[in-house]
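No value in this document is a laboratory result; all are computed from the given coordinates. All values derive from a computational prediction rather than experimental measurement. Neighbour counts are summed over all protein chains in view; Cβ atoms, including those assigned to glycine, are modelled from backbone coordinates with ideal geometry.
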Amino acid sequence: MEMGGAPPVVAKKTTHTPKAIIHQKFGDKACYKVEEVQGDTQNGCPGLAIPQKGPCLFRCSLQLPEFSVVSEYFKRKKDAEQSAAEKALRKLGVDPAASNSIVREPWDELISRLSYLFADEFLSSLHPLSGHFRAALQRDGDLYGLIPVSVFAVCDTKLGNICKSINPGVESNPFLVIPLVLKAAASGSFATSEGQLWMRRQNPYPPEIIQSSISSQLSSPESIWIEAVYIPYSLEKNVESLTLNVSSTGYYLDAIARKLSLADTSKILVSRTVGKASSEMRLYFSAPEWYLVDLLSDLNVEEVNSEEGSFNARASYFSGHAIYGNAILASIGYTWRSMDLFHEDVSLQSYYRLLISKIPSGVYKLSREAILTAELPMAFTTRANWKGSFPRDLLCSFCRQHRLSEPVFSMLSTPLKQSSEVSGSCKRLKVAESSAEETEYRNGAGVVPHGNESVGLGDTFMCEIKIYSKLQDLIIEYSPKDSYRKHSDALQNSSLRVLLCLNTYFKELDMPLEKLASAADIHIYPEKFAKTFASCPSIHNLRQRNETQRERLLDSNSINQPYIMPGHELYSFNIKGPDSGTSPSNGSLACINYVAFLVAEGEHMKERVESNDEFEFEIGVGAVIPHLEVVVTQMSVGQSACFNMDLPPQELILAATGDPVKTISLLSSKVCFLEYSIVLLRVTEPLEDRMEQALFSPPLSKQRVGFALQHIKESSAATLIDFGCGSGSLLDSLLDFPTSLEKIVGVDISKKSLSRAAKLLHSKLSRNSDAGEPSGGIKSAILYEGSITFFDPRLYGFDIGTCLEVIEHMEEDQACLFGDVVLSYFCPKVLIVSTPNYEYNAILQRSNPSNQEEDPDETSQSQACRFRNHDHKFEWTRKQFNHWASNLARKHNYSVEFSGVGGSADVEPGFASHMAVFRRSVPLETDNHPNPVDLIRQYEVVWEWDRSNR
Ligand code: SAH
Ligand code: MG
């Protein structure tokens, strides 16, 4: 038996297979018959009596109207079919390899597609359109078998694509399919439309075909009630909920037509699907007469006529094409999955969720199920701290929502910088996103294929992003400045940057575009951008804040908390429960339980609009509404709090609430505000703290404080500055023991940390002074806001300065500047500086299981180069630290002594934290003393405690 050699030409994606070409040419007139034969036994054993089975082989005969061909034998059925088709094409004188050139005119294709849809077999197929055909056969009298043409446009993608090749305008207006379909029907003999917007099969289906396709449906008619949403074209009118009553055997479009007050169902236009790709949610609307006239008379209706009085801006915004007149948003229709009508309720809440899912922060809120609480964070710190959908996914979904092309991410990899010299060679690779066929890389040289994450361990990554419209117009271009050690960090950070920019736009839709793109790393193409988002301003009312309402609330809840810095807009809040001492700080995860109520002022009416039993978020990156973050950072674990806020935009409240009708009636009749009631359930410290607590006893931070205390005691210091005091852990500990200190000062640039420090010190000092001891010696405590790279004359010549775990949070040159400023201007008698020992990280990371958990994709090797905390700008080895400290001391006439905490100096790799103690070698010269009056005070007092005032 002869067997077919190479499989027939299997066409690439873009070209057509021989079988497809035959189908285009002959449609149903091509008839394939596959015959199965038993192949020869391969290792034949002549003497064996047991029959041996060889492999199964297939041969296909193809019958065409004029002739027939038979293929050779193949192991696979489909190869046999393709081979037969290929043979037939040869006979027809067609070269299948050049198939594209012989594809029939799209017009013929359209006719053959329609004839397929109107063929007998189609009636019983599972296809979104065949359900319409079957339902139409249930219609009575004159309506029997009538199908509105508009459903063809949206239910059959193939048809849509063919029409697109005839008229590219179909992309932006799917209804342009209608005149094409009608014209094609008129030239074929399968359907008739008689100048109407409906079509009907020309010859009736044979009774047995009807019988078999209808009988598989439900026998007894039942009534279905489904919730849908009515979207009036007038923006003044409210979107409302309505109920459709559909009989399971009737035609659902008739039910929708009734709600749209349409006498003729065929005048209903059906939109593309809205929302998720898999959804059946569509908009149904009654096309105005002029529109239909234009459409049918081949006039150019491509241009969106938003001036036209009946333009439905809201509905058009969802569907991405122009919609006129009143519309109904419903999730109903036939599917690929079943003969039965699919349906789902669409509530008002779904409508509002759809609306906010158009905005980056809205998609994020939805992904967290915390619409009134979550905010798109301003920074991507670590994977583990990011909650909700990742930035990359948010950006992709934003683009899909606005019918843009998928974003294009280009990864740039650079070998790690060696000190200050930057390597010139730059590799670019394009990260193929959802469009898998895109494998073209930007640059021929040094290309690293996608998927190979181990692009040299010392590489850093940058990710460029480009956002294009569907028609490939560039809208936004982002060229990053920062590079990352990890591929995914670069991707997520860049995506977040673009999202934040877009979000700013949606929050302030009337802002000039130049202002939006003022940052150098992001470029907006204003014309295309404005065109893409043209309809947003009329739809989103995100800034409908009522200023007077806000002021009134502020009055009635005066800011009476002593720890809040001026400028924080916070209504009073009430923290209840004992202070457990565990509070969240930047970088930690706070987990809360909350309820948000809508409260009508002056009435006793309260409506629960959102709640969450366990909601976790990172502190310090704006991951929640600002008021909530301020309150939570003042709380300790186990405490509860309550606070009021003015109303966010109404669409957010309506997307959150489960009872929109009640909520709307409250909102429209009363002055309302939101009341939040929260409990702080737990706090997860940043990774660095977790490691330090788990591996050292006492924890490393306590050991650093202990080290400083020892020196304070030895030096009998009376005055102390803590540079970069943070939340005041050192200052607070000082108050637990009697010391020689009289004046303590903390400086930091973070207001949030300072407010926490103020709270700690305030409560301990008041308590201590009431009890008289042990910090009885302290006469004054001050907290300053400012950068420690600037000198403030009020802090000259103190007895001791501490700077624990601060310098690594500054860029290296800033850390060096601080060293110079502190020793040449502040001139403390003693200065203690601590910073992590980079060499110790290997031990920390190896012994910390939570680390593996955080980043399963990390190789152990690149883990070793990671810093302990995402905010660290550098971490030094012993050699680097000694080099810095020794030079500094020499330059400014100080001595320096090295030590550390955690581990030991004699065991590799040394201490976990480097410590350096600088001592001034010469007494302060009085002439050198800067005149406090001449020098500018750089720092601002944010909190002050004076014993004499008590
Ligand atoms: N010393 C504290 C806090 C360490 S965290 C402790 O040991 O617990 C580092 C602190 O340095 C942060 O609070 C940060 O706000 C602060 N910081 C960083 N750069 C600074 C600068 N230029 N001036 C003042 N403070 C700075
Ligand atoms: Mg640190």
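Roughly how many debye, to the nearest 20, is the charge dipole of region 672-743 about its Cα centre, given +1 on each Lys and Arg Cβ, -1 on each Asp and Glu Cβ, and no other charges?
Working: 6 positive and 10 negative charges, 28 e Å.
It works out to roughly 140 debye.
Taking 0.36 nm per residue of separation and subtracting the Cα-Cα distance, full extension of the segment from Asp906 to Ser172 would add 257.0 nm. Estimate the FRET efficiency between Asn161 and Leu235 by the formula 1/(1 + (r/R0)^6), using the beta-carbon distance for r and 25 Å for R0, to the nearest 0.05. Efficiency computed from Cβ-Cβ geometry: 0.15.
So if each residue of separation counts as 0.36 nm, and I subtract the Cα-Cα distance between Thr243 and Arg337, what length gain in nm does that give? Intermediate results must be reported in sequence, preceding the final value.
Values: separation 94, 0.36 × 94 = 33.84 nm, distance 2.49 nm.
31.4 nm is the gain from fully extending Thr243 to Arg337.
Considering the convex hull of the alpha carbon atoms of region 712-838, report its projected area averaged over all viewing directions, in nm², one decimal.
Values: hull surface 30.1 nm².
Average projection, Cα convex hull of region 712-838: 7.5 nm².
Counting neighbouring Cβ atoms within 10 Å and putting the fewest first, the residues Ile788, Ile359 line up as Ile359, Ile788. Derived scalar couplings between HN and Hα for region 198-214 equal 10, 9, 9, 4, 5, 9, x, 5, x, x, 5, 5, 4, 3, 6, 7, 7 Hz in order, rounded to whole Hz, by the Karplus curve 6.51 cos²θ - 1.76 cosθ + 1.60 (θ = phi - 60°), x for Gly and Pro.
In the structure shown, the pairs Lys531/Lys752; Lys702/Lys779; Lys358/Lys481 are assessed against 31 Å; a Cα-Cα span above that value is assigned to Lys531/Lys752. Put a plus charge on the Cβ of each Lys and Arg, a minus charge on the Cβ of each Asp and Glu, and nothing anywhere else: the dipole of region 698-835 about its Cα centre is then about 520 debye. Bridging of Lys77 to lysines at a Cα separation below 18 Å is possible for Lys19, Lys33, Lys87, once same-chain residues fewer than 8 apart are set aside.
Estimated from the Cβ-Cβ distance and a Förster radius of 22 angstrom, the FRET efficiency linking Glu105 and Glu66 is about 0.60. Packing here is the average count of other Cβ atoms within 10 Å per residue, and on that basis the peptides 824-830, 612-618, highest first, run 824-830, 612-618. Label-to-label distance for Met378 and Arg400 is 3.0 nm, based on points extended 7 Å past Cα in the beta-carbon direction. Multiplying the residue separation of Glu742 and Lys891 by 0.36 nm and subtracting their alpha-carbon distance yields 50.6 nm. The share of Cα pairs per 5 Å bin across region 625-757, counted from zero up to the longest distance, runs 2, 8, 13, 13, 14, 12, 10, 7, 6, 5, 5, 4, 2, 1, 0 percent. Assuming a ≥ b ≥ c are the square roots of the Cα gyration tensor eigenvalues, decide whether region 621-677 counts as rounded (a/c under 1.5), prolate (otherwise, with a/b larger than b/c) or oblate. Judged from the Cα gyration tensor, region 621-677 comes out prolate (a/c at least 1.5, a/b above b/c).
Would you mind ranking Ile782, Ile162, Ile210 so that the residue whose beta carbon has the fewest other beta carbons within 10 Å leads the list? Before the final figure, lay out each step's value.
Details: Ile782 20, Ile162 24, Ile210 16.
Starting with the residue having the fewest Cβ neighbours, the order is Ile210, Ile782, Ile162.
Taking 7 Å steps out from each Cα toward its Cβ at Ile210 and Lys606 produces label points 6.4 nm apart. Protection proxy ranking for 149-158, 324-333, using the average of other Cβ atoms within 10 Å per residue and placing the highest first: 324-333, 149-158. With N as its number of residues, region 605-702 has a Cα radius of gyration that, divided by 2.2 N^0.38 Å, comes to 1.45.
Could you please rank Ser580, Ser921, placing first whichever residue has the fewest other Cβ atoms within 10 Å of its Cβ? Working shown, then result.
On the way: Ser580 13, Ser921 10.
Starting with the residue having the fewest Cβ neighbours, the order is Ser921, Ser580.
By the rule of a C-alpha distance below 20 Å, with chain neighbours fewer than 8 residues away ignored, the lysines paired with Lys670 are Lys237, Lys606, Lys662.
Say R0 is 41 Å: what FRET efficiency, to the nearest 0.05, do Asp393 and Ser125 get from their beta-carbon distance? Once rounded, the FRET efficiency stands at 0.70.
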